[in-house]
Amino acid sequence: MIKTFVSSRLLHFKQPAGTSRGVYTTHLSYYVTLEKNGVRGVGECSVLPDLSCDAMPTDRYEALLRKACQWVEQTDGIPYEMLRPYPSILFGLEMAFAQLDANGSTALSETPFAQGKEGIPINGLVWMGSFEEMYARLEEKLRLGFHCVKLKIGAIDFERELELVRHIRERFTRQQIELRVDANGGFTPDNAMERLTELARYDIHSIEQPIKQHQWNDMARLCRESPLPIALDEELIGVNELEQKARLLDTIRPAYVVLKPSLHGGMMGCREWIRLAKERGIGSWITSALESNVGLNAIAHFCAEEFGPRVAMPQGLGTGMLYTDNVEMPLRIIGDKLWFLKNS
């Protein structure tokens with residue numbers, strides 16, 4: 001029989017993390033521990049206020065999490081269909097069971113990544129801020145040797161953001177630096193095409209979520225007419241049923257989907273998105289969503305399983321250095337790759 005335990009931890013950012021929805025300085029994560037026959041598995045349930053489809057007051061969330069744990073104790077399994085609307089809880093239970101299945105090891109797969117033989121290429125993430133702050137962060141990512149850089153845009157004057165993009169292209173060709181941008185819904189249907197056209201001059205790999213979600217017709221038009229590839233991120237949040245997912249992809253037809261297990265249905269839900277996207281010729285990659293290293297470790301092993309044995313496209317797994325009080329885990333960023341140091 002499985003026993004369950006629930007705890008929480010308030011994580012503190014080293015630097016404020018800015019998006020077009022606001023600035024994060026702390027982040028509350030819940031941890032569910034499963035114990036069976038002396039073996040423990042830990043999973044992280046990470047919710048982002050004003051973004052996650054299962055964000056709710058803490059007392060309600062804790063009650064729901066404990067109810068899910070009671071179900072696990074009664075059935076020794078995950079109530080997948082019950083938890084489809086609550087992806088953060090589903091993902092937390094999935095990673096806890098994955099560690100149980102790994103006999104308590106943090107090596108959650110049998111991939112070259114889990115064996116410490118291969119690293120996963122990741123993008124260097126430049127958070128929103130003032131022009132000077134973003135410029136300094138960009139220079140740091142380039143100095144560290146990242147070959148793919150992702151800029152969060154939509155917070156300062158667009159012309160100043162273009163200046164950052166221009167700065168990269170004056171120094172590096174597309175072959176030297178892959179450049180991605182994430183608008184987090186910061187454009188409007190009226191100004192998006194003009195801005196996409198401006199950005200396209202600088203050999204951008206893709207732009208995530210140029211306009212706010214739930215505007216399917218406008219987003220579909222942008223995907224048809226945009227001079228640069230569009231990736232969906234926030235658009236996928238709350239679209240939890242298989243038929244809904246297929247209808248969204250068939251209507252909007254993006255170039256890519258960007259998947260966060262805590263937001264997009266756990267590992268089960270992300271596998272569905274990846275399969276549906278692949279059937280339609282749509283690319284995908286995986287990113288973390290401000291989890292601690294517990295969640296990041298699970299996401300990295302999931303990514304290695306889905307896209308391995310050699311992960312080619314840079315993934316969004318560079319969040320392990322965000323917190324002053326992160327959970328210790330054998331993950332290290334070396335150059336522009338995330339490594340699992342098996343023997344550390």
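The values are calculated or read from the model by the stated rules, or taken from the named source; none is laboratory data. From a predicted model like this one, the values you see are computed outputs, not experimental measurements. These accessible areas exclude ligands, DNA and RNA; they are computed on the full protein's heavy atoms, side chains included. Shrake-Rupley method; radii C 1.70, N 1.55, O 1.52, S 1.80 Å.
See the values below:
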item: Rounded percent of accessible protein surface that carbon and sulfur make up, the chain, 1.4 Å probe; result: 48
item: Per residue value of the accessible surface for segment 300-344 (all protein chains in place, 1.4 Å probe), Å²; result: 50
item: 21 Å Cα cut-off, lysine pairs counted over segment 1-147 (separation 8 or more, or different chains); result: 4
item: Whole-number Å³ per residue for the convex hull built on Cα positions in segment 8-145; result: 143
item: Within a Gaussian network of the chain (alpha carbon springs, distance under 10 Å), most fluctuating of L232, L28, L317; result: L28
item: Accessible area of segment 190-242 divided out per residue, in Å², using a probe of 1.4 angstrom; result: 43
item: Residues with amide H under 5 Å from that of S206, placed H, sequence gap 5 or more; result: V181
item: For the chain, radius of gyration divided by Kirkwood radius, i.e. Rg to Rh on alpha-carbons; result: 0.96
item: Between segment 309-335 and segment 63-90, the Cα center-to-center distance that results, in Å; result: 28
item: Mean separation of Cα contacts under 8 Å (6+ apart) over length of segment 263-344, as relative contact order %; result: 26
item: Probe 1.4 Å - accessible area at R160, Å² to nearest ten; result: 90
item: Cα-derived Rg to Rh of segment 196-330, Kirkwood definition; result: 0.98
item: Under 21 Å, Cα to Cα: Lys pairs in segment 210-344, sequence gap 8 or more or different chains; result: 6
item: Percentage relative contact order, the chain, counting C-alpha pairs under 8 Å, at least six apart; result: 20
item: Whole-number accessible area per residue in Å² for segment 1-114, which is evaluated in the context of all protein chains at 1.4 Å; result: 47
